[in-house]
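The values are calculated or read from the model by the stated rules, or taken from the named source; none is laboratory data. No experiment lies behind these values; they were computed from the predicted model shown. Glycine gets a Cβ as well: all are built from the backbone with ideal geometry, and neighbour counts include every protein chain shown. Only protein heavy atoms, including side chains, enter the accessible area calculation; ligands, DNA and RNA are left aside. Shrake-Rupley method; radii C 1.70, N 1.55, O 1.52, S 1.80 Å.
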Amino acid sequence: MFIGRSAELKRLERMYGSQNFEFAIVYGRRRVGKTTLINKFIEGKKSIFFACQKSSMSDNLLELSSQISSYIGYGISFSSFIEALRAIIKFSQSERLVFVMDEYPYIAKKDGNSISSILQNLIDHEARNSRLFLILSGSSVSFMEDEVLGKESPLHGRATAEFRLAPMDNLESSRFVPSYSAEDKALVYGITGGIPRYLELFDDRKSVKDNLLYNLFDRNSVLFNEPENYLKEEFSDVSSYSSILSAIAGGCTKLSEIADRAEIQIGSLPSYLRKLEGVGVLGRVIPLGRESRRGVWTVKDLFFRFHSFFVPHNISTIVAGRMDKAYDQVVSPLLNDYMGKVFELIARQYIEVYADLPFPLGEVGTWWGGSHRLKKEIEIDIVAKSARGGDGIIASAKYRERRMPSSELILMKEYAAEMGTVRNCHYWFFSKSGFDPDFISLSEKEPAIRLFCLKDLYNADQP
């Protein structure tokens, strides 16, 4: 069953319908669903799908010749890539034809990216007058952005659309495990980070525990070494990047702390961090409305975050094959702690994408700072400002076993006053376990207060 990607499919179909030359670049981290999206798009269309290989250029040319032969219905071989590509352009003179080069970096890296120069020349002088729909895809985000989309690339400026596929959000992810409870759906999102391939591994006829024991907490499982394998796709110095991730996952957020823990020269660290941020593994969070120097680094990719939270501390138990006996002691008691920040993200997604808002949405983020009046550091989980005027949503998201008390409203009003940048506040509260009766009664009397249980977030209409 194909799930999600409706906006991307709609755009691709509109491009296809133009009957003009089109060139789409589809990229994103491995397992995010690029090939699945492309295969869904080309269903029922005349197409040539060429899966680039890590083998030699001659082997790749043989494979491309084979795919062209399948398309035309008889055997044919080509002596060069330019000859093969010219043949594809010729086929597309009289009919719409989609030509896909999947995992393009595999072949481009083999010949120093000269294939890109060949494509550029053919696009500029021959393909533009054809009905060809060219698609290049790639899992190496850094290569696709630097060597395909970058200003120094021969292909720079030639694409008619660029799709960087993001992980699916919480609500989209829940469609992979429809039989699960709201709590388990949220947990699966917190584990997989919305990566379709990881979501496909979860069988909702079995418990989350059973799925984790089989797919992650087993040295022979698919996901056990997945972070390292992902980093190998992007970087050569995997150990340094792994050390940085481990430091940040362990609570280090400032440059000096990260450098010390990862044992990396602080002068070299910003380059590593920028590259990890570029491929979506790390993110830098800045308090809304504050200067950038106050930002802190965090593990943005939820799968990396979950893996870092649970696997390194239990590596000996996993390798020994005893995680099934230890799970209830070393995983279950920590899940609420882990899910705290994930729930904030889920609530933010609801506000940004699905909620019925009282104003047009502008900036969304988090806020923290020191309060002289309250004599402590304070933090607001989510701040969503209006695109015009002084309205804003001040939101709190708590993933706890107990119901949220009405005292949380008093606290949030104090925090909003300290922030001081929203004149007309709407107070929204998200709680895993519901709300005390007096809080519910209070919200029924004040329109500016809205309360959401975890299960409410799965009743939203998906776009």
Kindly provide the set of residues from region 416-450 that are open to solvent by 40 Å² or more (accessible area, probe 1.4 Å) and under 30 Å from Gly4 (Cα atoms), ordered by number.
-> Arg450
Quick one: His156 ticks every box in (1) open to solvent by 10 Å² or more (accessible area, probe 1.4 Å); (2) under 21 Å from the mean Cα position of the chain (by Cα) except a single one, so which number is it?
-> (2)
Note: among Ser130, Ser139, just one is touching a helix residue (DSSP H, G or I) at 6+ places or on another chain (Cβ under 7 Å), small (Gly, Ala, Ser) and farther than 19 Å from Ile38 by Cα, namely Ser130
Does region 325-382 hold any residues that are hydroxyl-bearing (Ser, Thr, Tyr) and within 22 Å of the chain's Cα centre (by Cα), and which are they?
-> Tyr338, Tyr350, Tyr354, Thr366
Considering only region 186-214, state which residues are of a type in the set (Lys, Arg) and closer than 27 Å to Tyr27 by Cα.
-> Arg197
Which condition breaks for Ile264 when tested against (1) farther than 24 Å from Trp368 by Cβ; (2) hydrophobic (A, V, I, L, M, F, W, C); (3) assigned to a helix (DSSP H, G or I)?
-> (3)
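Among the listed residues Leu201, Leu216, identify the single one that is closer than 21 Å to Asp324 by Cα and out of contact with any Phe, Trp or Tyr (no Cβ under 7 Å at 6 or more places or on another chain).
The conditions single out Leu201.
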Which of (1) more than 19 Å from Arg131 (Cβ to Cβ); (2) at pLDDT 95 or above; (3) out of contact with any Pro (no Cβ under 8 Å at 6 or more places or on another chain) does Thr36 not meet, given it meets every other one?
-> (3)
Limited to region 375-401, what total is found for residues that are surrounded by fewer than 17 Cβ atoms within 10 Å (Cβ to Cβ) and under 18 Å from Val342 (Cα atoms)?
-> 3
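Within region 188-201, is even one residue out of contact with any helix residue (DSSP H, G or I) (no Cβ under 8 Å at 6 or more places or on another chain), without any contact (Cβ under 8 Å) to a residue 40 or more places away in the chain and closer than 22 Å to Ile346 by Cβ?
Scanning region 188-201, I find at least one residue that is out of contact with any helix residue (DSSP H, G or I) (no Cβ under 8 Å at 6 or more places or on another chain), without any contact (Cβ under 8 Å) to a residue 40 or more places away in the chain and closer than 22 Å to Ile346 by Cβ, so the answer is yes.
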Starting from region 208-229, keep only residues that are more than 12 Å from His307 (Cα to Cα) and open to solvent by 20 Å² or more (accessible area, probe 1.4 Å), then list their pairs with residues that are of a type in the set (A, V, I, L, M) and not in a helix (DSSP H, G or I) whose Cβ atoms are within a distance under 8 Å, requiring at least 6 positions of separation or different chains.
-> Lys209/Val331; Val222/Leu201
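Can you tell me which residue is most open to solvent (accessible area, probe 1.4 Å) among those in region 69-89 that are outside any helix (DSSP H, G or I) and within 20 Å of Ser130 (Cβ to Cβ)?
Ile76
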Could you please find all residues in region 257-273 being aliphatic (A, V, I, L, M) and open to solvent by 50 Å² or more (accessible area, probe 1.4 Å)?
-> Ile266
Those residues of region 243-256 which are surrounded by fewer than 18 Cβ atoms within 10 Å (Cβ to Cβ) and part of a loop (DSSP other than H, G, I, E, B) amount to Gly250, Gly251, Thr253, Lys254
Hey, Gly369 hits all of (1) open to solvent by less than 20 Å² (accessible area, probe 1.4 Å); (2) touching a residue at least 60 places away in the same chain (Cβ under 8 Å); (3) in contact with a Leu (Cβ under 9 Å, 6 or more places away or on another chain) but one; which does it fall short on?
-> (3)
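The rows are residues; the columns are (1) of a type in the set (A, V, I, L, M); (2) assigned to a helix (DSSP H, G or I); (3) modelled with pLDDT of 95 or more.
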site	(1), (2), (3)
Ser308	no, yes, no
Tyr327	no, yes, yes
Arg348	no, yes, yes
Ile351	yes, yes, yes
Trp368	no, no, no
Leu374	yes, no, no
Gly392	no, no, yes
Is one or more of the residues making up region 30-49 of a type in the set (A, V, I, L, M), buried (at least 16 other Cβ atoms within 10 Å of the Cβ) and within 20 Å of Ile115 (Cα to Cα)?
-> yes
Every residue from region 274-294 that is over 16 Å from Arg305 (Cα atoms), under 21 Å from the mean Cα position of the chain (by Cα) and open to solvent by 70 Å² or more (accessible area, probe 1.4 Å) | Arg274, Lys275
Give region 98-153 a look and list any residue that's in a helix (DSSP H, G or I), among the polar types (S, T, N, Q) and open to solvent by less than 40 Å² (accessible area, probe 1.4 Å), or say none.
-> Ser116, Ser142
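Return the residue satisfying two criteria in turn: it lies in region 232-242 and is outside any loop (DSSP other than H, G, I, E, B) and in contact (Cβ under 8 Å) with a residue 12 or more places away in the chain, and of such residues it is surrounded by the most Cβ atoms within 10 Å (Cβ to Cβ).
Looking at residues that are outside any loop (DSSP other than H, G, I, E, B) and in contact (Cβ under 8 Å) with a residue 12 or more places away in the chain, I get Tyr241.
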Among (1) in contact with a Pro (Cβ under 9 Å, 6 or more places away or on another chain); (2) closer than 25 Å to Phe143 by Cα, Lys232 falls short only on (1)
